[in-house]
Amino acid sequence: MGIARALTSQTAESDAICFLVGTQSLKFDNQIHIIDFDDENNIISKSVLQHQAGEIWHISASPADKAVLTTCYNKSEMDAFGLGGVSDTSESRVVTCGAVWRMPPEWESGSHECPDDPHNSHNPQNLELLCHLDNSSHGNASCVLWEPMGDGKRVISLADNHALLWDLTESSTQATISSSATLEGKGQLKFTAGKWSPHHNCTQLATANDTAIRGWDLRTMSQIYCIENAHGQLVRDLDFNPNKQYYLASCGDDCKVKFWDVRNINEPVKNLEEHSHWVWSVRYNHSHDQLVLTGSSDSRVILSNMVSISSEPFGHLVDDDDLSDGEDNHQDEKTKEPLQDSIISTYEEHEDSVYAVEWSSADPWLFASLSYDGRLVINRVPRALKYHILL
C-alpha cells in the first residue's frame, strides 16, 4: 500500500465490514484502498481506486451514500512571483484542498469484491470528482466532517483558522458556504482537528487548535466553550461519547488521552497515560461507550474499558424481577460501586506510528488501525469482554 495515514470506516454501509484508506505517495498517483473484511471466513480483500490528486491527509465517508467520500489532499501551486535575484521565475507552494468524490457506479452494488482480478490492481478506475470544497481564500484544509447521521448534504471543512459549513446539492456536484467561523487571536492560529457532535440536533462542533479545545454553536457560528490548556502539547484528535451528550475525549502530543465534561471545563473527568509517545487518534465505540480505542506513534493501539465514565458505570443492571429472593441483597451490594476502569488489551502488530484507529460501522466488536508504513490491522474486542458487556 505504501505510506498512508488516512483511514475511515464506510459509514453508510451497515451490512458489510468495510474500511477506506488513502495513500500518501510523492512519486506515484495516490489511491483509495477499499478494504472488505469477511468476518465469517476471516478473509480480507482489497480493491483500489485512483485518486488523481496529491497525497491524502484525511478521508471521510458520507453517512448517507456509501459511494461518496471526501478527502483532504496536497497539491502544488506555482507562485508567479519569483524570488529576487534567483534565475527561476516561479516558486512552487503546496496547498491542502478538500473535495467530494464518488466511486464508479459498478462499485456501489458491492461487485468490487474481486481481489483476484489482476485488472483491478494494475488498471485501477478513477474516483469521480463531484466538487471541490474550494477554500483557497481560506487556507489549507485539515479535515472535512460530515453531519452525523445526516442526509449527506452538509459538511464542515476546517481550513487554517476557518470553520466553513457547506451545503451540498442533491447530486453533491456543487458546494456553497452557508456560514463560517474564524479563530481570532495572536499568532498563526490553525485548527488541527474537529468533530461534529451527534447530540443537540447536530448543532455543535468541537475543534482543536494548538493546546486548546473549543466548542461552537453552528446556528450562530459562535464559540460556546474553550478549554485553554487542554493538553500540555498539541491536541491531535477529538471524539464525542455517542451516548453522553456532554462527554468528549481528546488526545495529543503530551502522550495523554483526556475525557471532558464540557459543562465543567476546569479539569478533565479522567486521564489516561498509557502511551509513551504522541497520541494521534481516539475513538469511542459507537454502541458501547466504555470501549475506547487509541493509536500512537509508540506504534501501539490500546483498547481501554472506561466504564466509570460511561453511560453504564455500574455495568449492565439486572431487573429486580429477574432475581430470586435470595439474590436481592447480593445484587444491591454489587451495583452500588462503579466498575473499575482498565486496559483491556494492548496491540503491538504495528512497527511504525499508528496514525488512525476506527471502529467498524457494521460490527461494533471490530476495529481497524493504520500505521504510516501502510499496514492496516483488523482486530476484534476479546470475546470474554464482549459477552460480559452483552450479558
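The values are calculated or read from the model by the stated rules, or taken from the named source; none is laboratory data. What you see is a predicted model, and the numbers here were worked out from it, not measured in a lab. Note that we place each Cβ from the backbone using ideal geometry, even for glycine, and neighbour counts take in every protein chain shown. Note: accessible area is taken over every heavy atom of the protein model, side chains too, but ligands, DNA and RNA are not part of it. Shrake-Rupley method; radii C 1.70, N 1.55, O 1.52, S 1.80 Å.
Go through the range 13-53 residue by residue and tally those that are in a strand (DSSP E or B) and open to solvent by 20 Å² or more (accessible area, probe 1.4 Å). Steps first, answer last, please.
First pass over the range 13-53, keeping only residues in a strand (DSSP E or B): 17-23, 30-38, 43-51.
Pick out the ones that are also open to solvent by 20 Å² or more (accessible area, probe 1.4 Å) and you get 31, 37-38, 43-44, 46, 50.
Summing the residues that are in a strand (DSSP E or B) and open to solvent by 20 Å² or more (accessible area, probe 1.4 Å) in the range 13-53 gives 7.
Here are Val307, Val318: which of them is modelled with pLDDT under 95, open to solvent by less than 10 Å² (accessible area, probe 1.4 Å) and more than 19 Å from Phe19 (Cα to Cα)? Spell out how you get there, then give the answer.
Numbers: Val318 fails: open to solvent by less than 10 Å² (accessible area, probe 1.4 Å).
Result: Val307 is the single residue among Val307, Val318 that is modelled with pLDDT under 95, open to solvent by less than 10 Å² (accessible area, probe 1.4 Å) and more than 19 Å from Phe19 (Cα to Cα).
A search for C-beta distances below 7 Å between a residue of the range 146-162 that is on the phi > 0 side of the Ramachandran plot and surrounded by fewer than 16 Cβ atoms within 10 Å (Cβ to Cβ) and any residue that is assigned to a loop (DSSP other than H, G, I, E, B) and not polar (S, T, N, Q), counting only pairs 6+ apart in sequence or on different chains, returns Met149/Pro63; Met149/Pro198.
Can you name the strands (runs of 3 or more DSSP E) wholly within the range 216-319 that have at least 1 residues being touching a Lys or Arg at 6+ places or on another chain (Cβ under 6 Å)? Spell out how you get there, then give the answer.
Numbers: elements: 222-227, 235-240, 247-252, 257-261, 270-272, 279-284, 291-296, 301-305.
It comes to 222-227, 235-240, 247-252, 257-261, 270-272, 279-284, 291-296.
Suppose we filter Ser60, Ser76 for residues that are open to solvent by 10 Å² or more (accessible area, probe 1.4 Å), at pLDDT 95 or above and among the polar types (S, T, N, Q); which single one remains? Before you say what the answer is, go through the steps one by one.
Working: Ser76 fails: at pLDDT 95 or above.
Checking each option against the conditions leaves just Ser60.
Going residue by residue through the range 275-287, is there one that turns out to be out of contact with any Cys (no Cβ under 6 Å at 6 or more places or on another chain), buried (at least 19 other Cβ atoms within 10 Å of the Cβ) and of a type in the set (Ser, Thr, Tyr)? Yes. Scanning the range 196-231 for residues that are under 21 Å from Trp280 (Cβ atoms) and open to solvent by 50 Å² or more (accessible area, probe 1.4 Å) yields a total of 2. Of note, Cys255 satisfies the criterion of being among the hydrophobic types (A, V, I, L, M, F, W, C), within 19 Å of the chain's Cα centre (by Cα) and over 21 Å from Leu145 (Cβ atoms).
The strands (runs of 3 or more DSSP E) found entirely in the range 342-383 that carry 2 or more residues being of a type outside the set (Val, Ile, Thr), open to solvent by less than 10 Å² (accessible area, probe 1.4 Å) and farther than 20 Å from Trp278 by Cα are 366-371. Checked against (1) within 28 Å of Pro63 (Cβ to Cβ); (2) free of Cβ contacts under 8 Å to residues at least 12 places away in the same chain, Asn266 meets all criteria but (1). Has the range 269-278 got any residue that is aromatic (Phe, Trp, Tyr) and more than 14 Å from the chain's Cα centre (by Cα)? Scanning the range 269-278 turns up at least one residue that is aromatic (Phe, Trp, Tyr) and more than 14 Å from the chain's Cα centre (by Cα). Examine the range 239-252 for a residue that is out of contact with any Gly (no Cβ under 7 Å at 6 or more places or on another chain), assigned by the TED database to the domain that holds Trp359, small (Gly, Ala, Ser) and open to solvent by 20 Å² or more (accessible area, probe 1.4 Å), and state whether such a residue exists. For the range 239-252, residues out of contact with any Gly (no Cβ under 7 Å at 6 or more places or on another chain), assigned by the TED database to the domain that holds Trp359, small (Gly, Ala, Ser) and open to solvent by 20 Å² or more (accessible area, probe 1.4 Å): absent.
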